[in-house]
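Here the structure is laid out as structure tokens; the discussion comes afterwards.
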Amino acid sequence: MQKVFFFFFLLFLATNVHAQKTDKKLARKIHALVKDFNGDVGIYVKHLKSGKEVAYNADTVFPTASTIKVPIMVAVFDKIENGALQYNQNLIYRKDMQLYQGDEGIIASLKDSAHVALSAVQMLSISMSDNSASLWLQQLAGTGTQINQWLVNNGYTKMRVNSRTPGREQDREVYGWGQTSPRDMANLFIQIRGGKAVSEAASEEMYRVLGNMYLDHRSPSRIPPYIKTASKTGSVNAARSEVVMVNAPHGDYVFAIYTKNLKDQ
């Protein structure tokens, strides 16, 4: 009888701990905001200190658009950590590298045989969302195959690179360059923020890169400039995405918002 009572007592504790994780007030506000949304939306919000969260279609798979550049960066730093690359090594740009077709970004504007540091290419990929820079980094990271293997090894079940990745052609037709759930992408930011992505030193540098955002006209523009943020956005015709880590005075929080099938393109 005592064993049965103890079992139900543990069940009661587990149930209540789980219930306390949901911020019900915020959940009601989010549900009200998305009620008449013209498309599909997924949202995941987590306050790191308290553990409270709100999940709305948080495990649904969405197109990443340019937010796929975050796991690409992580895989690059994994190569750096293993000695296969050096963060400040000199790279040589070639016009025949077949990067992003029709790109008008900074990397695509370089002259043939131009020298550029890997760290500069990484900065352009994240801060200015330079597509040619990002595809170059994807190649250096070992292509989408190795990036996806890192994601599998680290427990990410929904986040994958599709473009230029053998075996993922059908996924690319549906989701484009990459795919993720809001929860997966938010958790990657949490892993970086906690110093647990690749290594503590690598995580710190990646967090600096994510905190130096040139394209900060969305959510970061609504946050006071003296509050540190780390973020990445993505946009394609029928999908918009954004993930932001905020170093707020009351404790860090992260939110990831993903959409697809937008009527307004």
ask   = Top mean-square fluctuation among 206, 97, 245, Gaussian network model of the chain, C-alpha springs under 10 Å?
value = 97
request  = Find which of 185, 32, 166 sits farthest along the positive direction of the dipole of the chain, computed with +1 on the beta-carbon of Lys and Arg, -1 on that of Asp and Glu, about the Cα centre.
outcome  = 32
ask   = So what is the calculated 222 nm ellipticity per residue for the chain, using -39500 (n - 2.57) for each DSSP H run with n of 4 or more, over all residues, to the nearest 500 deg cm²/dmol?
value = -12500 deg cm²/dmol
query = How much accessible area per residue does segment 145-243 have, in Å², with a 1.4 Å probe?
reply = 50 Å²
query = Rounded to the nearest 20 Debye, what is the dipole magnitude of the chain about its Cα centre when Lys and Arg each give +1 and Asp and Glu each give -1 at the C-beta?
reply = 900 debye
query = Cα axis of helix 182-193 to longest principal axis of the chain: angle in degrees, 0 to 90, nearest 10?
reply = 80 degrees
note = If one builds a Gaussian network model of the chain from Cα atoms under 10 Å apart, the most fluctuating residue listed among 240, 193, 94 is 94
note = Between residue 60 and residue 25, Cβ-based FRET efficiency (R0 30 Å, step 0.05) works out to 0.80
key: Förster radius 25 Å - calculated FRET efficiency between residue 221 and residue 201, Cβ distance, rounded to 0.05   = 0.25
note = Helix 200-211 sits off the longest principal axis of the Cα atoms of the chain, rounded to the nearest 10 on a 0 to 90 degree scale, by 80 degrees
request  = Choose one answer from 121, 45, 174: the residue with the largest mean-square fluctuation in a GNM of the chain with alpha-carbon springs under 10 Å.
outcome  = 174
Entry for percent of Cα pairs over 24 Å apart (calculated from the structure that is shown) out of (i) 43; (ii) 60; (iii) 51 = (iii)
inquiry  = What distance in nm lies between label points placed 7 Å from Cα along the C-beta direction at residue 35 and residue 146?
reply    = 5.1 nm
note = The answer for chymotrypsin sites (Phe, Trp or Tyr not before Pro) in segment 141-219 that fall in a DSSP coil and have at most 14 neighbouring Cβ atoms within 10 Å is 214
task = Compute the acute angle (0 to 90°) between the alpha-carbon long axis of helix 118-127 and the principal axis of greatest extent of the alpha-carbon atoms of the chain; round to the nearest 10°.
result = 50 degrees
Heavy-atom accessible surface of segment 137-177: percent carbon and sulfur, 1.4 Å = 46 percent
query = Can you give me the Cα centroid spacing of segment 119-177 and segment 42-59 in angstrom?
reply = 25 Å
key: Heavy-atom SASA rank of 67, 145 (probe 1.4 Å, accessible area, largest first)   = 145, 67
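The values are calculated or read from the model by the stated rules, or taken from the named source; none is laboratory data. Bear in mind the structure is a predicted one, so any value in this text is a computation, not a measurement. Here the Cβ is made from the backbone with ideal geometry for all residues, glycine too, and neighbour counts use every protein chain on show. Just so you know, the surface numbers come from the protein's heavy atoms only, side chains and all, with ligands and any DNA or RNA stripped out. Shrake-Rupley method; radii C 1.70, N 1.55, O 1.52, S 1.80 Å.
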